[in-house]
1. Here is a list: CYS91, CYS72, CYS99. Which entry is buried (at least 17 other Cβ atoms within 10 Å of the Cβ) and either farther than 30 Å from PRO133 by Cβ or under 25 Å from the mean Cα position of the chain (by Cα) (or both)?
2. Would you confirm, using the coordinates I've provided, whether GLY39 is farther than 30 Å from GLN143 by Cβ and over 17 Å from the mean Cα position of the chain (by Cα)?
3. Looking at the structure I just gave you, is THR142 among the β-branched types (Val, Ile, Thr) and part of a loop (DSSP other than H, G, I, E, B)?
4. Please pick out the residue among GLY104, GLY39, GLY93 that is touching an Asp or Glu at 6+ places or on another chain (Cβ under 9 Å) and among the small types (Gly, Ala, Ser).
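Read-outs: derived from the displayed coordinates by stated rules, not from any lab. Just so you know, these numbers come straight off a predicted model, no measurement behind them. Positions of Cβ are backbone-derived with ideal geometry, glycine not excepted, and every protein chain shown enters the neighbour counts.
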Amino acid sequence: MLTARWIKPPERRTKEQHVAHILATIGDPQTANAILRDGFVMDQMKLQAKKNKREPLRCAKCQHYGHFARDCTANKDTCAKCAGKHRTSECDGRGGLHCVPCGGNHASWDRDCPSFESEVVKFNNRYLENNMPYFPTDEAWTQEFSPEEQKKSPITRNKPTQQEPNPPPQTQRGTQNSKQRYRQSTLNLQT
């Protein structure tokens, strides 16, 4: 592992928080795939890793997709909570929730927003590695698309798929007993 950091710094956590997420950078795809496949042990706990996917950019100034706030041409900030003409940090919440991209009754950062979901599908079609649970190497099992992503993506849906995809090899450590409970960790695994 080259680097690792908490997504939310410990000083910003609440007393009731029981789960924390880590972003880790791994030096090579084989090691990253082994961690994704088998999980890892940290502080005497078995943790399962998940590949961090690239996501569409949403401007923190105008709340539309495709650019950063530093490149935004909007004259005023638009609130991500109520769509008012003020910074999100200055919102008093009296305007209710209103999504700028789709107009729905939720905040602009809502992950169930139809506009966000549509942007994710388009983004995944441009970056096909997002549809793969592992980092592609010479080994065939790392080049498979995940079944959920094949259903969502028009590009992968049109490609012929194998009848029975090759599952990744499991080690004794990597087998999962149904009674075991794992905490979720998110790793940013870069090759």
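1. CYS99
2. no
3. So THR142 does not fit the description; no.
4. Details: GLY39 fails: touching an Asp or Glu at 6+ places or on another chain (Cβ under 9 Å); GLY93 fails: touching an Asp or Glu at 6+ places or on another chain (Cβ under 9 Å).
Just one listed residue meets the conditions, GLY104.
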